[in-house]
1. According to the Cα gyration tensor, what semi-axes, each the square root of 5 times an eigenvalue, does the equivalent ellipsoid of the protein assembly as shown have, listed from largest to smallest in whole Å?
2. Using alpha carbon centroids, what distance separates segment A:1-57 and segment B:57-97, in Å?
3. Can you count the Lys pairs in the protein assembly as shown whose Cα atoms are under 14 Å apart, with each pair 8 or more apart or on different chains?
4. What's the percent breakdown of Cα-Cα distances in segment B:9-106 across 5 Å bins, shortest bin first?
5. What distance in nm separates the two pseudo spin-label positions at A:ARG35 and B:THR40, each 7 Å out from Cα along the beta-carbon direction?
6. Quick check: with the 1.4 Å probe, what order do A:THR71, B:THR78 take by accessible area, largest first?
7. Per the helix-only calculation at 222 nm, which mean residue ellipticity applies to the protein assembly as shown, given -39500 (n - 2.57) for every DSSP H run of n ≥ 4 and division by its residues, nearest 500 deg cm²/dmol?
8. Only loop residues by DSSP count here, and only those with at most 16 other Cβ atoms within 10 Å; note down the trypsin sites (Lys or Arg not before Pro) in segment B:1-56 that meet that.
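The values are calculated or read from the model by the stated rules, or taken from the named source; none is laboratory data. Remember, it's a predicted structure, so these values are computed and weren't measured experimentally. Heads up, the Cβs are rebuilt from the backbone with ideal geometry, glycines too, and the neighbour counts pull from every protein chain shown. Only protein heavy atoms, including side chains, enter the accessible area calculation; ligands, DNA and RNA are left aside. Shrake-Rupley method; radii C 1.70, N 1.55, O 1.52, S 1.80 Å.
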2 protein chains.
Amino acid sequence: MRPYKHPAADELVLERVLYALSDSIRLDIVRHLARVECATCGELDGGRPKSTVSHHFKVLREAGLVLTENTGTSHMNTLRRADVEGRFPGLLAAILSQGDAAVAATKKKAA
Amino acid sequence: MRPYKHPAADELVLERVLYALSDSIRLDIVRHLARVECATCGELDGGRPKSTVSHHFKVLREAGLVLTENTGTSHMNTLRRADVEGRFPGLLAAILSQGDAAVAATKKKAA
């Protein structure tokens, strides 16, 4: 398998990071990776079709949020937390912390 | 002129806010509004075609970032800072603060 291409840490673009996180599936993947640090695509696909998930991983890689490495026959994904934090201090934490609040608000509303 | 529709403060969706800010023209408009508090569309269009700018304002309104009000023959836009902050604490500040750093980095690189 050919290695995936990833942008360098100093090439990350704010708009691209925000776009990558503007989709609930991709936001879920990043939230998951923020908890576990690394995971295979299979562990992150939530039972969704492979083609859909591949596209989302591509967007996340191109934004510089996720590093995908070939490990034998599977792909291992890692959140590029330090790179994103170095380029956009406080951004990822500010976005990911909203997740819980929004989910909590939705649950509260539904109850 | 009919009044514009805006989502209520508790209806704001994180993904929609991030999507609205994932475009450099819209990010510029929001940065501008963060400085001046209110401005007409004309003051914010940067000489771009009206149809393009109208679309961007629609996205910003629907995300709940911008309030557009009819004032006589023009439209006055305001950043819904308190509503966004109430729903997503720290998010807008974290995103807008990146602007300056990214611009500074680009300028530094070009110098």
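1. Values: eigenvalues 219, 89, 46 Å².
They are 33, 21, 15 Å, listed largest first.
2. Rounded to whole Å, the Cα centres lie 28 Å apart.
3. 4
4. 2, 13, 25, 26, 19, 10, 3, 1, 0
5. It is 5.1 nm.
6. Values: A:THR71 65, B:THR78 40 Å².
Solvent-accessible surface, decreasing: A:THR71, B:THR78.
7. Helix contribution divided over all residues of the protein assembly as shown: -17500 deg cm²/dmol.
8. Hits after loop and neighbour filter: B:LYS5.
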